[in-house]
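The values are calculated or read from the model by the stated rules, or taken from the named source; none is laboratory data. Here the structure is a predicted model, which means the values were calculated and not measured. Cβ sites come from the backbone with ideal geometry, for glycine too, and all protein chains shown count toward neighbours. What goes into the accessible areas is simple: the full protein's heavy atoms, side chains included, and nothing from ligands, DNA or RNA. Shrake-Rupley method; radii C 1.70, N 1.55, O 1.52, S 1.80 Å.
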Amino acid sequence: MRRTLIVGNWKMNLDLQSARQLLNELCEGMESIAADDSLDVAVCPPHTLLFPIAKATADTPIHFGAQNLFHEPSGAFTGEISASMIAETGARYVILGHSERRHTIGHLEDDRMINLKVRAALAGGLTPIVCVGETLAERNTGETPDVLTFQIAADLVGVSQADVAKLVIAYEPVWAIGTGKVATADQAQQAHEHIRTRLRDQFDSAADTIPILYGGSMKPDNAGELIAQRDIDGGLIGGASLKAEPLLGIIRAALAARG
Ligand code: PGA
């Protein structure tokens, strides 16, 4: 069975003090949740918090990752940060291709750039959490499967069979992110199944080991139904990861759903 993964995407939120407090509360809460070796929990803070979060999560069950990287190893790239700089902090994960970077923030990222970043992450020993998902307009015109097919193929060019063990995909319908509108369990399962099939085209049966997370307004009260779906292996959580109680609620729901 695939491992379940719950990842908090803090985006551009929390200062050092509130991050430390949140991690303390999370650790305390996780002590009272039955230990389960098949579930991993991670948080992805802003880059400036990576080293202190490494310290704060040492000797705890919580892993951490970054929210972006630049694909070049070093050089004159003012304001950017490389895979090896992130790996040096002890981070395990890096979120790539998030819809806010594809559609909202300044220099919009296309799939060619996301692919360069995915390859740089893998070469640097990080696990990329590769985000894909359709906009509302694309869903309304029935393009969701084509968008997902294109993004998966383009983002994973050159990713080899040997990389599969270090690959996580997140399905994040753009219309559900930060909007309170969550995909129904059926809509999400259909998209995840489609992604899994496309992954099989590239990686054969090894595709069945790749965790596919759902992201977009996941909360304690909808997480269970989503994670109970056959191809939904966890969550990438924004808003509900900024406080311990909702994140713990999602972890509990995930454990109950995966039984
Ligand atoms: P949300 O964000 O949970 O606040 O919708 C999810 C994400 O952007 O990863």
- Query: Lys181 is checked against (1) modelled with pLDDT of 95 or more; (2) within 20 Å of Gly235 (Cα to Cα); (3) basic (Lys, Arg) and fails just one. What number does that condition carry?
  - Reply: (1)
- Message: Name the residue that is least open to solvent (accessible area, probe 1.4 Å), counting only residues in the stretch 167-195 that are in contact with an Asp or Glu (Cβ under 7 Å, 6 or more places away or on another chain) and either among the polar types (S, T, N, Q) or within 15 Å of the ligand (Cβ to nearest atom) (or both).
- Response: Pro173
- Item | Every residue from the stretch 31-88 that is within 21 Å of Arg101 (Cα to Cα), open to solvent by 30 Å² or more (accessible area, probe 1.4 Å) and β-branched (Val, Ile, Thr) | Thr48, Thr78, Ile81
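Answer with yes or no whether Lys219 is among the basic types (Lys, Arg), within 15 Å of the ligand (Cβ to nearest atom) and more than 16 Å from the chain's Cα centre (by Cα). Steps first, answer last, please.
Values: among the basic types (Lys, Arg): yes; within 15 Å of the ligand (Cβ to nearest atom): yes; more than 16 Å from the chain's Cα centre (by Cα): no.
It is false that Lys219 is among the basic types (Lys, Arg), within 15 Å of the ligand (Cβ to nearest atom) and more than 16 Å from the chain's Cα centre (by Cα).
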- Can you name the residue in the stretch 196-254 that is of a type in the set (S, T, N, Q) and on the phi < 0 side of the Ramachandran plot and is also surrounded by the most Cβ atoms within 10 Å (Cβ to Cβ) among such residues? Ser241
- Only residues in the stretch 8-27 that are under 15 Å from Lys55 (Cα atoms) count as the first member; pair them with residues that are away from the ligand (no atom under 16 Å from the Cβ) and at pLDDT below 95, Cβ under 8 angstrom, at least 6 apart or cross-chain, and list the lot. Leu23/Thr60; Cys27/Thr60; Cys27/Pro61
- Item | the stretch 130-166, residues that are in contact with a strand residue (DSSP E or B) (Cβ under 7 Å, 6 or more places away or on another chain) and either modelled with pLDDT under 95 or surrounded by fewer than 19 Cβ atoms within 10 Å (Cβ to Cβ) (or both) | Lys166
